[in-house]
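Visitor: Take a look at the following structure, please.
Each value in this text was obtained by applying a stated rule to the coordinates, not by laboratory testing. Keep in mind that what you see is a predicted model, and the values were worked out from it rather than measured. Quick reminder, even Gly has a Cβ in these numbers, built from the backbone with ideal geometry, and neighbours come from all protein chains shown.
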C-alpha cells in the first residue's frame, strides 16, 4: 500500500486552497470612515457643483478627506475621511452645506482592490458588536397620529350628517376638539345620537352659544393612549418590514421607552438609502376630484408632483376613499407606453370601499394624493452661545394623477404619474412594507464606536491566536511530522472558513468569533482521532503504509458521526435562534464543513506527499518512534 493520491485529488486540494486564499484576502483591507450623500428623493441627482460645495465646506472646517466620488447613477456621492472621530462633525458640516434636499449618512467605505472585487471577492460583514454597521434611534410623533385621527373623525362626522340630511357645520377647534354647530336643539340631539352610534369612544358635551346649539366631541385619555400605543406598535412592524426589504443580515429593530424605536443594521453598505427608506413617511390618499360648484369647505387644492405638470393643480374632495394603509401588496412595473407605474393590491376592506366609491362615480375623476413628511432645517444660536440645529416637520401633499373612472375598480389597479422607475420602485417598497401610522424622526444616528469594535476584534483574535498556538505546540511536540501536517491543515481550515463566510455574505459577530475558536478545537480533534488510530494500527503490527491507510479509513466513520451530530445542533440553533445565536450557528456550521475537508483530505494529502510512494520503516507519531 503506497498511500498515493491520484493527481486530480492533489489538484482539487490545491484549487480549494487557492480559491480560499483569494476570497479571504479582502478581509486584510480595513474600510475607511466616510460620508454618503444622496438625494432626499430617489429621482434626485447629485451635480458636480453640489460635490464642490461639499468639499469646500469640509476644507473650511479643517476636516481632512480624500477619494470623493459620484457613482455611475449620479444618485450617490461618497467622501472618505482620514479620521473616524471626525465623522459626526463632518456630517453636520455637509448637511448644512447641501440643505434639506439631501440625506447625509455615516458609512464605512470598502478598500478592497479592484482585482479582488471585480471577481466578487468582498470582506466579511462585521456585526455591530465588532464594526461596520449603523445605529438609528427614531422617535414616533404620536401627537401627529392623534391629530390624524381627529381629522378622520371630522370627515366621518361630516359624511354621516350629510347622509342623514342633518344640517350642521363641523370643524376642529383650537383646543383639539370637534365642534359641530346646529340651528336647533332637535338637530343637535339627532346629531348626538348619530355620532355616539358611529364613534362610541368619543366624549360628547352639549354647549349653547347665543342662537347656536353646539356639540363638542373629544377623545378620552384612554383613547389617546390607545392611539399612541397602536402608532408605535404599527411603526415597529412597518420598520421591520422595511428592514427586510433592505436585505440586511441579523438586523435589530426594537422598541425603547414609550415612543422610541432602535434600529441597528450591521454590515450595511448603503447607509443613506437605509436612512431614506426607514425614515420616509410616505402615504397615499384616494379622493374624488371635486365638482366646480362644491363649497370651499368641502374641497382642497393640490399641485401635481410630476415635473412634467409643474404649476398644474386640481381641486379634490376632503373626504378620503381609502389610504395607503389598505394596500396589501405593491409592485413597480411599466405600462403599455413604457412609463413607470405601481401595481396595487388592496385588502378586503379596501377593495370593498374602492369598489363602492368608483361604482357610484363612473366618468368622474379620482385623484391619487402622495403625502410625504419632510423637514425644514434652520440654525439658531442657543442660550450657551452654541449653534443649534432646529428641524421643523411639515407634510408635503402632491397629486400623482387624476384619471377618469371608466368602470368600477376592485382590489387591483395601477398608479401612474411617476417620474422614473426608481421613484416607482421606492413607492412600491413603501406601500408593500406598510404605511407608517405616525411620522418618525431621527434623534440619534451613529456607527458603533470604533474603540468597542476594535477591542472586541482584538480580544477575539487573541483568543484564536492563543487557542491556535497551544494546539500547534501540542500537535508538533506530540505528533511530530503528523502534527506539522495537522497544523498546516488547521491554518488552511481557518482560511477556508473566512473565505466561505465572506462568499456567503454572512455577518461576523462576537459569538461568531467564539464559533471560530470552537472550530479550531473541533478541527484538531479529528486529526487526533486519525493519528491515534494510526498509532494503534502500528502497535498492532501493521506496516507503516498499511497503518496510515487503515487509520484514515477506520477513523472516518467516527469523525463523520461526531461532526454530523454537532452540525444538527448548529442547524437547530440557526432555526430557533435570533441575532447573535444565528451568527454563532452559521460560523459553527461552516467550520464543521471546512474542518471535515481539511482533516480528511488536507492532512491525508500532506501525509501522502511525505510518506507515500516509498518504502517506510518507521513513523514518528504519538511522541515515540514506532
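Visitor: Please compute the contact order of region 32-109 in relative form: average sequence separation of alpha-carbon pairs under 8 Å and at least six residues apart, divided by the residue count, as a percent.
Guide: Normalised by residue count, the contact order of region 32-109 is 49 percent.
Visitor: What full-extension length gain, to one decimal in nm, is calculated for residue 470 and residue 374 as 0.36 nm per residue of separation minus the Cα-Cα distance?
Guide: 28.7 nm
Visitor: In degrees from 0 to 90, rounded to the nearest 10, what is the angle of the helix 87-98 Cα long axis to the longest principal axis of the chain?
Guide: The angle comes out near 40 degrees.
Visitor: Against the longest principal axis of the chain, how steep is helix 221-246, in degrees 0 to 90 to the nearest 10, with axes from Cα atoms?
Guide: 40
Visitor: Continuing with this model, one more query. Just to verify a number: FRET efficiency for residue 328 and residue 163, C-beta to C-beta distance, R0 = 25 Å, to 0.05?
Guide: E between residue 328 and residue 163, to the nearest 0.05, is 0.35.
Visitor: Let me ask something additional. Treat the count of other C-beta atoms within 10 Å as a stand-in for reagent exposure and order 582, 137 from fewest to most.
Guide: By the 10 Å Cβ count, ascending, the order reads 137, 582.
Visitor: 7 Å from Cα along Cα→Cβ at both residue 339 and residue 52: what's the point-to-point distance in nm?
Guide: About 3.6 nm, to one decimal.
Visitor: Moving to a separate point now. Over the chain, what is the relative contact order in percent, taking alpha-carbon pairs closer than 8 angstrom and at least six residues apart?
Guide: Taking the mean separation of contacting Cα pairs over the length of the chain, I get 17 percent.
Visitor: Note the angle between two axes, namely the Cα long axis of helix 348-359 and the longest principal axis of the Cα atoms of the chain, as a number of degrees from 0 to 90, rounded to the nearest 10.
Guide: 40
Visitor: Now, a different point. Taking a ≥ b ≥ c as the square roots of the eigenvalues of the Cα gyration tensor of region 146-223, is the shape rounded (a/c under 1.5), prolate (a/b larger than b/c) or oblate?
Guide: Judged from the Cα gyration tensor, region 146-223 comes out prolate (a/c at least 1.5, a/b above b/c).
Visitor: Taking R0 as 56 Å, what's the FRET efficiency between residue 64 and residue 539 from their Cβ-Cβ distance, rounded to 0.05?
Guide: Once rounded, the FRET efficiency stands at 0.25.
Visitor: Turning to a different aspect of this structure: Tell me, what is a quarter of the convex hull surface for the C-alpha atoms of region 284-416, in nm² with one decimal?
Guide: Spelled out: convex hull of the Cα atoms, projected over all directions, averaged, 11.5 nm².
Visitor: Can you order the peptides 151-158, 598-605 by their average number of other Cβ atoms within 10 Å per residue, highest first?
Guide: 598-605, 151-158
Visitor: How much length would be gained if the chain were fully extended between residue 569 and residue 396, taking 0.36 nm per residue of separation minus their Cα-Cα distance, in nm to one decimal?
Guide: Result: 57.0 nm gained on full extension.
Visitor: Can you sort 366, 546, 430 so the residue with the fewest Cβ neighbours within 10 Å comes first?
Guide: Least crowded to most crowded, the residues run 546, 366, 430.
Visitor: Quick check on the chain: helices-only [θ] at 222 nm, where DSSP H runs of length 4 and up contribute -39,500 (n - 2.57) each and the sum goes over total residues. Nearest 500, please.
Guide: Computed ellipticity for the chain at 222 nm equals -15500 deg cm²/dmol.
Visitor: Fewest first, what order do 609, 161 take by the number of other Cβ atoms within 10 Å?
Guide: Ordered from fewest to most neighbouring Cβ atoms within 10 Å, 609, 161 come out as 609, 161.
Visitor: Rounded to the nearest 0.05, what FRET efficiency do residue 291 and residue 71 have when you use their Cβ-Cβ distance and R0 = 51 Å?
Guide: My answer for the efficiency is 0.60.
Visitor: Give me the distance in nm between label points sitting 7 Å out from Cα along the Cα-to-Cβ direction at residue 147 and residue 412, one decimal.
Guide: If labels sit at residue 147 and residue 412, their model points lie 3.9 nm apart.
Visitor: State the label only: which of (i) 16, 41, 30, 11, 1; (ii) 18, 52, 26, 5, 0; (iii) 15, 37, 27, 15, 5, 1 corresponds to P(r) over Cα pairs in 20 Å bins from 0, in percent computed from the shown model?
Guide: Entry (iii).
Visitor: Shifting gears a bit: Full-extension gain between residue 576 and residue 211, please, as 0.36 nm times their residue separation minus the C-alpha to C-alpha distance.
Guide: Extra length available between residue 576 and residue 211 comes to 124.6 nm.
Visitor: Once you keep just the Cα pairs under 8 angstrom separated by 6 or more residues, what percentage relative contact order results for region 284-416?
Guide: Relative CO of region 284-416 lands at 29 percent.
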